[in-house]
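What follows draws every value from the coordinates through simple rules; no lab data is involved. This structure is a prediction, so every number in the text was calculated from the model and none was measured. All Cβ positions, even for glycine, are placed from backbone atoms using ideal geometry, and neighbour counts span all protein chains on display.
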Amino acid sequence: MKWFNQFGLDRAAKAYAKRLPAEMNAGWGSSEVYTIGQVKAAIRHLGLKGRYIAIAYAAFLTKEDFTSVEAEYPTPIAYDAARELFERHRQRAAETYRHNPMSNADAVNRYGVGSD
């Protein structure tokens, strides 16, 4: 049964790490931690839910703030372990897509302008 729990934790952390960082940054700018209300708003806006939603809270809250919401969202993983798991999946998600901006002139040279 332990492997099933770990599978669920990994799956949830991957889903949260894929969507939440961009939403938090778009809504409130880049920050190491956010308020409980900001995290709740982002989770609600993205429609995220699940048994392991506390991972999302741990990723963006201070330990003290996490402790205050922990009773509302119990999870079988400790704060530090949840942050570590989330961060591991966040790094993997960032490696999946790398945006390499290019100038308009480079885009025209590479893709042409309206050519069919």
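At full extension, Asn104 and Thr62 could sit 10.9 nm farther apart than now, given 0.36 nm per residue minus the alpha carbon distance. What you get for the stretch 2-96, charging only the Cβ of Lys and Arg (+1) and of Asp and Glu (-1), is a dipole of about 460 debye around the Cα centre. For Lys49, the aspartates and glutamates whose Cα falls under 16 Å of its own Cα, not counting residues fewer than eight places away in the same chain, are Asp10, Glu23, Glu70, Glu72. Counting pairwise Cα distances across the stretch 2-96, what percent come out greater than 23 angstrom? More than 23 Å apart: 14 percent of the Cα pairs in the stretch 2-96.
Within a 10 angstrom radius of the beta carbon, how do Thr75, Thr67 rank from fewest other beta carbons to most?
Numbers: Thr75 18, Thr67 11.
Taking fewest neighbouring Cβ atoms as first place, the list is Thr67, Thr75.
Residues in the stretch 7-23 carry Karplus couplings, in order, of 4, x, 4, 4, 5, 5, 4, 5, 5, 5, 5, 6, 10, 5, x, 5, 5 Hz; the curve used is 6.51 cos²θ - 1.76 cosθ + 1.60 with θ = phi - 60°, and Gly or Pro positions show x.
The distance between label points at Ala81 and Leu48 comes to 2.0 nm (points 7 Å beyond Cα on the Cα→Cβ vector). Couplings 3J(HN,Hα) of the stretch 73-86, computed from phi: 10, x, 9, x, 10, 6, 3, 5, 5, 5, 5, 5, 4, 4 Hz, in residue order, whole Hz [Karplus 6.51 cos²θ - 1.76 cosθ + 1.60, θ = phi - 60°; x for Gly and Pro]. In this simple spin-label approximation, Glu72 and Gln91 carry label points 7 Å from Cα along the Cα→Cβ vector, and these lie 3.1 nm apart.
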